[in-house]
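K.L.:
Take a look at the following structure, please.
Here, each number is a calculation from the coordinates, and none is a lab measurement. Here the structure is a predicted model, which means the values were calculated and not measured. Please note: Cβ atoms are built from the backbone with ideal geometry, for glycine as well, and neighbour counts cover all protein chains shown.
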Ligand code: NDP
Ligand code: GDR
C-alpha cells in the first residue's frame, strides 16, 4: 500500500464549506488535530445551528485561534471568491449541499442551484481568485442511481433523483476544471456514512433516535418508507480521513469510498432495535410520504482503488455502527431527561 504526503500538515490552511454538517464537523476536528488553521463557511440563520462545532469553537478574541467562521453561501460566487482571496487556503473541502435526497424532489431547482451549480461557483471562484489550492468535491454514490452494484470509479452514472443529477453535474464540473485548467481537484465518491452526528431525518439516525425513545417509553411507533433499499453504510469519522488523504496525493484523481458490506433498511432496523432487546416489527409502521418518486434500489461500493492508493480501509460496518448510534442517542436522551428534571425541580 502506498500513501503520498506532499508537505507537513502543521501550518496549512483549509476552507470547509458545510462545516456545520455531519462531515464538516468531523473534518474540522481532524484538520485541527493535524495543526491546520480551519476556515468554515456558515450560513446566516435566525437561530444558532452550530451545535456540531460548538465544542471546537474559538471566539475571535482567542489568541492564535485556528478555527475561524465566515458568513457565506454557495449561492453567492462573489463572496466565495473574496473569501478565497482573503484566506489563501492550501486546501478547500466542498461539503456544503442540500444533501437530502427525498427533499430534493420537493426542492429540485434549489438543490440544482446549491448542490450542482454551487460547486461550479466554487471552482470558478478559485480560478477568479488566482489562489493555488487543492479542491475536494463531496461526490456521492447517489450518482450511480440504477447502475447495478458493486459500483466503482468506472461505473456509469444513472441518477434517480434531482440530488443525484445535481451531484453528477458537480462531479463533471470538477473533472472538467481539472482537465481544462490543470486544477488539483478531486472527487470523493462516498457511499452512505453515518454517526451520532447524522441529521435526524436520514434513516439510520431516525431509527437510532426512535430506539432510544421507545426504550425510554417516550414513543411507541416509528413511521418509515421503503425497507427494501440496500445501502453500504460506513462510519463518518473514517470517511473524512479518506477525504484528507485524497488531497495529499501527488496527482488529483477520483476515488470511491465504501465498506463493500451491504444491508437493507430492514437489516439496519434489526441491528438497531436488537441493541435494545426490542423487536422492530412491533413498532415500525409504513408511511408513503417517506417513499421517493424514484428510488435507488442498491448501492454497494468497491473501494479497492482507495485501499490501494490511499492506504484507506473501513473498520466499522453497519452492525457496529447501529450500536454506536443507539448508545449515543440513549445517552443523549438520558442527559436531556435529567436536564429537564433539574429544570422542573427548580
Ligand atoms: P449535512 O446535510 O449534514 O451538511 C450539509 C452542510 O451543507 C451543512 O453545513 C449545511 O449548512 C451546508 N449547506 C447547505 N446549504 C448551503 C448553502 N446554500 N451554502 C453553503 N452551505 C450550505 O451533510 P453531510 O455532512 O452528511 O454530507 C457532506 C457532503 O457530502 C454533502 O455535500 C453531501 O451531499 C455529501 N455526501 C454525503 C454522504 C453521507 O452519507 N453523509 C455520502 C455522499 C456524499 P446548515 O447547517 O446551515 O444547513
Ligand atoms: P440516502 O439516505 O437517500 O441514501 O442519501 P437516507 O438515509 O435518506 O435513505 C436511505 C434509504 O432509506 C430509505 N428510507 C428512508 N429514508 C429516510 N430518510 N426516511 C425514512 O423514513 C425512510 N424509510 C426508508 C430511503 O428510501 C433510502 O432508500 C444519503 C445522503 O446522505 C446523501 O447526501 C448521500 O449522497 C447519500 O446518502 C449517499
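K.L.:
Compute a Gaussian network model of the chain, connecting alpha carbons closer than 10 Å, and tell me which residue from 21, 182, 77 fluctuates the most.
P.N.:
Top of the fluctuation ranking is 182.
K.L.:
Something else about it: Given the options 287, 329, 232, which has the most mean-square fluctuation in a GNM of the chain, springs set between C-alpha atoms less than 10 angstrom apart?
P.N.:
So, out of 287, 329, 232, the one fluctuating most is 287.
K.L.:
Within a 10 angstrom radius of the beta carbon, how do 312, 172 rank from fewest other beta carbons to most?
P.N.:
Details: 312 22, 172 17.
The order, fewest Cβ neighbours first, is 172, 312.
K.L.:
Using alpha carbons only, how many degrees (0 to 90, rounded to 10) separate the axis of helix 265-275 from the longest principal axis of the chain?
P.N.:
So the helix axis and the longest Cα principal axis differ by about 70 degrees.
K.L.:
Per 0.36 nm of contour for each residue apart, how much would the distance between residue 216 and residue 289 grow if the chain were fully extended, relative to their Cα-Cα spacing? Could you put the intermediate results ahead of the total?
P.N.:
Numbers: separation 73, 0.36 × 73 = 26.28 nm, distance 2.65 nm.
Residue separation times 0.36 nm, minus the Cα-Cα distance, leaves 23.6 nm.
K.L.:
Over the chain, consider all pairs of different Cα atoms and compute the Kirkwood hydrodynamic radius from their mean reciprocal separation; express it in Å, one decimal. Intermediate results must be reported in sequence, preceding the final value.
P.N.:
On the way: mean 1/r = 0.0478 Å⁻¹.
About 20.9 Å for the chain.
K.L.:
Taking every DSSP beta bridge that has both residues in the range 1-135, what percent is antiparallel when rounded to the nearest 5? Before the final figure, lay out the partial values.
P.N.:
Numbers: 0 of 16 bridges.
The answer is about 0 percent antiparallel.
K.L.:
Something else about it: Per DSSP helix of 4 or more residues, -39500 (n - 2.57); summed, then divided by the residues of the chain. What does that give at 222 nm, rounded to the nearest 500? Before the final figure, lay out the partial values.
P.N.:
Details: 11 runs with 136 residues, N = 346.
Computed ellipticity for the chain at 222 nm equals -12500 deg cm²/dmol.
K.L.:
With the contact rule set at Cα under 8 Å and sequence spacing of 6 or more, what percent relative contact order holds for the range 206-306? Could the numbers behind the result be given before it?
P.N.:
Values: 121 pairs, mean separation 44.4, N = 101.
This gives 44 percent for the range 206-306.
K.L.:
Follow-up question, since we're still on this one. Taking 4 °C and 1.567 mPa s as the conditions, I'd like the Stokes-Einstein D for the range 105-256 in µm²/s, using the Kirkwood hydrodynamic radius from alpha carbon pairs. Each step should come with its number before you reach the end.
P.N.:
On the way: Rh = 17.3 Å.
It comes out at roughly 75 µm²/s.
K.L.:
Counting only C-alpha contacts under 8 Å and six or more residues apart, can you give the relative contact order of the chain as a whole percent?
P.N.:
Numbers: 686 pairs, mean separation 64.4, N = 346.
Normalised by residue count, the contact order of the chain is 19 percent.
K.L.:
If you don't mind, another one. Which residue, 300, 126, 56, tops the fluctuation ranking in a GNM of the chain built on C-alpha contacts under 10 Å?
P.N.:
56
K.L.:
Of all DSSP beta bridges in the chain, what percent run antiparallel (nearest 5)? Before the final figure, lay out the partial values.
P.N.:
On the way: 2 of 37 bridges.
Of all bridge pairs located within the chain, approximately 5 percent are antiparallel.
K.L.:
Right, next: If you bin every alpha carbon distance in the range 72-177 into 10 Å steps from zero, what whole percent lands in each bin?
P.N.:
For the range 72-177, the binned pair fractions read 16, 45, 28, 10, 1 percent.
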